[in-house]
Amino acid sequence: MTKRFRPHIKTLQSFQSGPLGTHLERFASLLIQKGYSSEAGWDKIRLVADLSRWMVQKNVRLEELDEKRTTTFLGWRWKRVAHQTGDQCTVALLLRQLRQEGIVPAPVAPTPSRIDLIEHDYERFLHQERGLMSSTIEGYLRVARRFVCHRFQAGEIRLKELCTKDVTDFVVQDASTRGRRAAQLMASVMRSFLNYLFQEGRTAMNLAMAIPAMAGGRLSELPRYLETAQVEKLLRCCDRRRRVGRRDYAILLLLARLGLRASEVAGLELEDLDWTTGELRIRGKGNRVDRLPLLQDVGKAIANYLRNGRPSCLSRRVFVQCNAPFAGFSSPPNAVSGLVGRALARAGIKSRHQGAHLLRHSLATSMLRGGASLAQIGQVLRHESPQTTEIYAKVDLSALRVLAQPWPGGAQ
């Protein structure tokens, strides 16, 4: 700590008082390991020193330190010192370190509620029987919890009492607050959850049939995409003189040139890059693993980021946060999609759709207009079923006009 943060000797002596004083040096080493700057690290050390003095005032022993007491301390401190956004993360990091060293006991797990048990069992089913990815499972669990909470609210959960009205009431109300795609996804998840409950014998009848059909079929609209010139403009908006620009440029290239999904980009690890064979290993939907060619411009951008942009850290993820703690994205799909949205704004491209999938659709559209078949597009995008690729057939409007028949009685 004395080498990196250089505190005054009198300040250091006052900081080393209290039950946390002897652990401050190791906490400072952890901050250095995670890549915090001197200024940010010093703020966190000062907070821990304040916590140590507060523990003396309140007669809190070190082994009694837990989330409840640190929350009380932060409330006390924020009345005297300006609230910093990283304060809660700092005390959480400290508690984690003290518990790993066996100094502070692990928290006592709360008794799981009835809904927690239902959610746990459903999660295990989705993982083991359906083989869904963790990010997908999280979305399924949110819908299931919303439904159970809506039906039983604060009362006792009796799944055997569920009826068709309970299902239709929830679906209609929930869909009214969401867009068409989100409502369709909610309905699909509800069918899965209700089928699961019936298979497990937790409901008297299969209520999945009670879910009303959602408007808009799979092929009811054109896929969202950018024109080729817009994609190139989007790529050019990254300032590759800066570290964050090098990272964002490499991510955008993976989305635009290889059509990767947001979760696939965020989940890339250093071991997935095979520079000898020029291949990239992708972990896709349903735990599927594919190997894709590492295109020259994509490989060059990634190499430039790894050499001149990626901070030194212990994370094995290819793409990490630009600010400490240096680790993979905390919310992977949302982080990558947010990155695309910010790039669109910088490039001055107005699009109703902002997510990472926009570039995946743009690649497919560009391939189709370049003469690629639907089968070839499906192979590049790694679609499980050819039907998934059919939506792109509607993009080639000039070809569809040739096939269109004149309206009876209309102009020839």
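A short reminder: the numbers here are calculations on the coordinates, not readings from a lab. Because the structure is a prediction, the values reported are computed rather than measured. With ideal geometry, Cβ positions are generated from the backbone for all residues, glycine too; neighbour counts draw on all protein chains shown.
Quick look at the values:
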| quantity | calculated |
| --- | --- |
| C-alpha center-to-center spacing [the range 160-195, the range 262-280] in angstrom | 38 |
| Long-range tail of P(r) for the range 100-234 (Cα pairs > 17 Å, %) | 67 |
| Kirkwood hydrodynamic radius of the range 34-122, from inverse mean 1/r over distinct Cα pairs, in Å | 14.9 |
| Relative packing of 156-169, 88-101, which averages over residues the other C-beta atoms within 10 Å, highest first | 88-101, 156-169 |
| P(r), alpha carbons of the range 70-151 - 10 Å bins starting at zero, rounded % | 14, 26, 26, 29, 5, 0 |
| Full-extension gain in nm, A372 to S134, via 0.36 nm per residue minus C-alpha separation | 82.4 nm |
| Structure-based [θ]222 nm, the chain - -39500 (n - 2.57) summed over DSSP H runs of at least 4, per residue, nearest 500 | -16500 deg cm²/dmol |
| Relative contact order [Cα under 8 Å, 6+ residues apart], the range 241-358, whole percent | 29 |
| Virtual paramagnetic centre 7 Å along Cα→Cβ of S37, amide N under 11 Å, in the range 321-358 | 323-324 |
| Ordering of 196-205, 314-323, 357-366 by packing [mean C-beta count within 10 Å, highest first] | 357-366, 314-323, 196-205 |
| Simple label model, 7 Å out from Cα along Cβ direction - M214 to R114, nm | 2.9 |
| Length added when fully stretched, Q100-I157, from 0.36 nm per residue minus Cα-Cα | 16.8 nm |
| Option label - Cα Rg over 2.2 N^0.38 Å computed here, alternatives (i) 0.98; (ii) 1.24; (iii) 1.13 | (ii) |
| Given charges at Cβ of Lys, Arg, Asp, Glu: the range 260-392 dipole, positive-most of A347, H357, P325 | A347 |
| Debye intensity ratio in log₁₀ form over the Cα atoms of the range 1-151, taken at each q of 0.13, 0.15, 0.18 Å⁻¹ | -0.74, -0.85, -1.01 |
| Listed residues V148, V336, V265, most fluctuating in the chain (Gaussian network, C-alpha, under 10 Å) | V148 |
| Extension gain, D274 back to Q173 (0.36 nm per residue minus Cα-Cα distance, nm) | 31.4 nm |
| GNM top mover of S263, S113, S351 - the chain, alpha-carbon springs below 10 Å | S113 |
| At R0 = 35 Å, FRET efficiency that the Cβ-Cβ distance of E25 and R242 yields, to 0.05 | 0.55 |
| GNM result for the chain, Cα springs below 10 Å: residue of E269, E64, E123 fluctuating most strongly | E64 |
| Label zone at R281, where the point sits 7 Å out along the Cα-to-Cβ direction: the range 315-356 residues whose backbone N lies under 20 Å | 315-320, 328-329 |
